[in-house]
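The values are calculated or read from the model by the stated rules, or taken from the named source; none is laboratory data. The shown structure was predicted, so the numbers you read here are calculated from the model rather than taken from an experiment. Glycine gets a Cβ as well: all are built from the backbone with ideal geometry, and neighbour counts include every protein chain shown. Keep in mind that these areas ignore ligands, DNA and RNA; they rest on the heavy atoms of the full protein, side chains included. Shrake-Rupley method; radii C 1.70, N 1.55, O 1.52, S 1.80 Å.
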Amino acid sequence: MSGLIESCQGLFGTSDLYEVLGVVKTASDKEVKRGYHKVSLKVHPDRVDIKDKENATQKFQTLGRVYAVLSDKDRRGLYDESGEIDDEDDVSEDRDWNDYWRLLFPKLSFEDINEFEKKYKGSEEELDDLTSTYVEYEGDMDAIMDNVLCSTVEDEPRFTQILNDLIKKKKLPKFEKFTKETKKNKTSRQKKAQAEALEAEEMLQELGGGEKNSLQALIKKNQQSREQQADSFLADLEAKYAQPKKKAKSSTVKQKK
């Protein structure tokens, strides 16, 4: 089994475990887990073309090893202080990483999603996500609607009002993509939402109707249209709900960064 640092450098172009997960060194446990989830969704072997499957599998395995280090308090502390990795306690490449991944991110029930949406909409968390997404995408409303959890076309007027108020109070920068968005772009976004709603309704008919199946159809459609995006609706919800598993204490054989 190749060293973890060597694998990271070869597969991700960096020897920094935090860079591999797309997080900073000071990231919280929750942020580390979210980073792992997002990157692993991008390279999950089941989400790539056949020609890319072998490389994706190697990346997926390496990501699991990276997370195993950074999710363990002792091993992360050692890495932060010395740049060394306790490789003796490193998990085997032969491990079933799909099972490991699913243990960390169990599937959600429809009740879980409904409950989350009730608590999320109008919350400080939603506001933080909205403002950070606005800044990250420099006011691109298409990107904002794609990346804020649980958002639908019905939320757009509310989001617009919130952002305009914050801009007037000089709590957010003014971006032309937002303040000068064309009517044509807004109409295009609404038509896209209507088309997706129609497709979801067709899926609902195939599933046999019912409130539960309606939600299932919407989620299925949402996943299909964003399956290559790390922060898709269901993926982010899974990351928020999942609880980290406890790790065994590490031993002392180390690998230099």
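Observations on the model:
- Cut-off 13 Å between beta-carbons: net charge of the residues surrounding Arg158, Lys and Arg +1, Asp and Glu -1: -4
- Dimensions of the stretch 1-53 along the principal axes, based on C-alpha atoms and rounded to the nearest Å, stand at 36, 23, 18, largest first.
- Solvent-accessible surface of the stretch 113-206, taken per residue with a 1.4 Å probe and all protein chains present: 64 Å².
- Filter on Lys119/Lys174; Lys121/Lys184; Lys38/Lys121; Lys30/Lys59; Lys25/Lys73 - keep pairs with C-alpha separation over 18 Å: Lys119/Lys174; Lys121/Lys184; Lys38/Lys121; Lys30/Lys59
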